[in-house]
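Below is one structure, written out as structure tokens; comments come after it.
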Amino acid sequence: MAKKRPRVCGIGPAFEVIGGKWKAQILWEMHTDAKRFGELKRLVPGISEKMLTQQLRELEADGLVHREVLVAVPPHVEYSCTPLGASLNEALGPIADWGERYEKARAKGR
């Protein structure tokens with residue numbers, strides 16, 4: 001059995017939580033206010049309902065997203081960032097800025 005190696009920095013745990021194609025995008029869309037499932041589906045183009053459900057469950061299990069069932073007619077669910085999720089969103093801001101600069105630089109180089 002292989003021994004677990006100690007982590008050298010926090011990048012590993014951070015990307016374990018938001019790794020993949022969708023989680024960071026989903027979390028980012030909740031940075032201003034709570035969103036309903038349908039809103040998130042529209043705001044994250046290309047994601048299937050099944051994948052959105054799975055990603056939201058994982059974000060909730062990791063303590064980044066709060067799921068609230070609202071009693072209304074018809075009943076609905078809202079998703080919002082927890083304080084931990086909000087702090088991660090703050091960290092994602094500079095990464096998003098870098099991504100925009102990277103896209104522009106790549107477009108110029110083509």
Out of E90, E60, report the one residue that is in a helix (DSSP H, G or I), charged (D, E, K, R), in contact with a His (Cβ under 9 Å, 6 or more places away or on another chain) and modelled with pLDDT under 95. E90
Does at least one position in region 64-84 carry a residue that is part of a helix (DSSP H, G or I) and open to solvent by less than 90 Å² (accessible area, probe 1.4 Å)? no
Take the conditions more than 14 Å from Y79 (Cα to Cα), at pLDDT 90 or above and among the β-branched types (V, I, T) and apply them to I47. Does it pass? yes
Condition first: buried (at least 16 other Cβ atoms within 10 Å of the Cβ) and either out of contact with any helix residue (DSSP H, G or I) (no Cβ under 6 Å at 6 or more places or on another chain) or not charged (D, E, K, R) (or both). Can you find one or more residues in region 89-102 that meet it? yes
For region 57-79, does any single residue satisfy the condition of being over 14 Å from the mean Cα position of the chain (by Cα) and on the phi > 0 side of the Ramachandran plot? no
Candidates I26, I18, filtered to the one that is open to solvent by less than 60 Å² (accessible area, probe 1.4 Å) and at pLDDT 95 or above: I26
Residues that are in contact (Cβ under 8 Å) with a residue 40 or more places away in the chain and surrounded by fewer than 13 Cβ atoms within 10 Å (Cβ to Cβ), drawn from region 50-63: none
With the structure loaded, tell me whether I47 is surrounded by 11 or more Cβ atoms within 10 Å (Cβ to Cβ), of a type in the set (A, V, I, L, M), part of a loop (DSSP other than H, G, I, E, B) and out of contact with any Asp or Glu (no Cβ under 8 Å at 6 or more places or on another chain) or whether it fails that test. yes
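The values are calculated or read from the model by the stated rules, or taken from the named source; none is laboratory data. Note that the coordinates shown come from a computational prediction; the quantities given were computed from them, not determined experimentally. Note: ideal-geometry Cβ built from the backbone for every residue, glycine included; neighbour counts use all protein chains shown. These accessible areas exclude ligands, DNA and RNA; they are computed on the full protein's heavy atoms, side chains included. Shrake-Rupley method; radii C 1.70, N 1.55, O 1.52, S 1.80 Å.
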